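Notes follow once the structure below has been shown.
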Amino acid sequence: MNIYLSKSSVFVKIATISILILLTLVVLILVTMDKSFGLIGGVILSLLIIGSVIYFYANSLDKIILEKKIIILKKNIGQIEIPMTDILNVEKLEFSNLTMTYGSKGVFGFIGNTMDNSISLVKDRRNMIRITTKNNKYILSSERSDQLVTEIKSSR
């Protein structure tokens, strides 16, 4: 069993901290100062904002665990298991902008679905890999992406 960590790039760290500070200010303003929404409206909007932040934090990739017959994409809350027998292709991707159909574009990473229907769990766009399976495509990042690609290819 090998473990590959998914570390955030400087861009992701700055985007996450900036947005969290901004959203904290928005929540405080909605609940305390803005009377046009009323207290209940401010609380509801604040809960939606907090729920979105929790969702993207929960789905942020923490590490990739390679076992003999399975790859585990361990998120902050939950995990995705990919059987080695389902993998059709593994490739390292070059740095690019990820075009998302929905999801986060920097806060806790690039999390969501991309235009090519891949599930994105990227925290560093310079170290991305794509795992294509029978049912899904996953784009993820690891600090040792070259070694990860080599090991997955040799394990299949």
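How large a share of the accessible area of the chain, in percent, is made up of carbon and sulfur atoms when the probe is 1.4 Å and the other protein chains stay in place? Roughly 62 percent of what the probe reaches on the chain is carbon or sulfur. With a 1.4 Å probe rolled over the protein heavy atoms of all chains, the accessible area of Ile152, Ile14 falls in the order Ile14, Ile152, largest first.
Residue order by solvent-accessible surface for Val53, Val10 is Val10, Val53, largest first, with ligands and nucleic acids left out and a 1.4 Å probe.
FRET efficiency for the Leu48 to Asn113 pair, using the beta carbon distance and R₀ = 30 Å, is estimated at 0.90. Pop the C-beta distance of Met1 and Tyr55 into the FRET formula with R0 = 41 Å and round what comes out to the nearest 0.05. Efficiency, rounded to the nearest 0.05: 0.90.
Backbone phi angles across the stretch 66-74, fed through the Karplus curve with coefficients 6.51, -1.76 and 1.60 (θ = phi - 60°), yield HN-Hα couplings of 9, 10, 4, 10, 8, 10, 10, 9, 7 Hz in residue order; Gly and Pro are listed as x. Under 5 Å between amide hydrogens, built in the peptide plane, is the criterion, and for Asp62 it picks out Lys74, Lys75, Asn76 among residues at least 5 positions away or on other chains. In the context of the full set of protein chains, residues of the stretch 64-153 present 49 Å² of accessible surface per residue (probe radius 1.4 Å, heavy atoms only). What the Cα atoms of the stretch 1-95 give is an Rg and a Dmax of 19.1, 58 Å. For the stretch 42-153, the share of alpha carbon pairs falling in successive 10 Å distance bins from zero is 14, 46, 29, 8, 2, 0 percent. Listed by chain and number, the lysines whose alpha-carbon sits under 22 Å from that of Lys69, ignoring those within fewer than 8 places in the same chain, are Lys92, Lys134, Lys137, Lys153. Residues considered: Leu66, Leu25, Leu121. Largest GNM mean-square fluctuation over the chain, using C-alpha springs under 10 Å, is found at Leu25.
When each of the peptides 82-89, 57-64 is scored by the mean number of other C-beta atoms lying within 10 Å of its residues, the order from highest to lowest reads 57-64, 82-89.
Each residue of the stretch 127-143 was assigned a 3J(HN,Hα) from its phi angle through the Karplus expression (A = 6.51, B = -1.76, C = 1.60, θ = phi - 60°), giving 10, 8, 9, 10, 10, 9, 10, 4, 10, 9, 10, 10, 10, 9, 10, 8, 5 Hz with x at Gly and Pro. With contributions of -39500 (n - 2.57) from each DSSP H run of at least four residues, the per-residue ellipticity at 222 nm computed over the chain stands at -11000 deg cm²/dmol.
The values are calculated or read from the model by the stated rules, or taken from the named source; none is laboratory data. Please read these numbers as outputs of a predicted model, since none were measured by experiment. When we count neighbours, we look across all protein chains shown, and the Cβ atoms used for this are built from the backbone with ideal geometry, even at glycine. Each accessible area value is taken on the protein alone, full model and side chains, heavy atoms only, with ligands, DNA and RNA left out. Shrake-Rupley method; radii C 1.70, N 1.55, O 1.52, S 1.80 Å.
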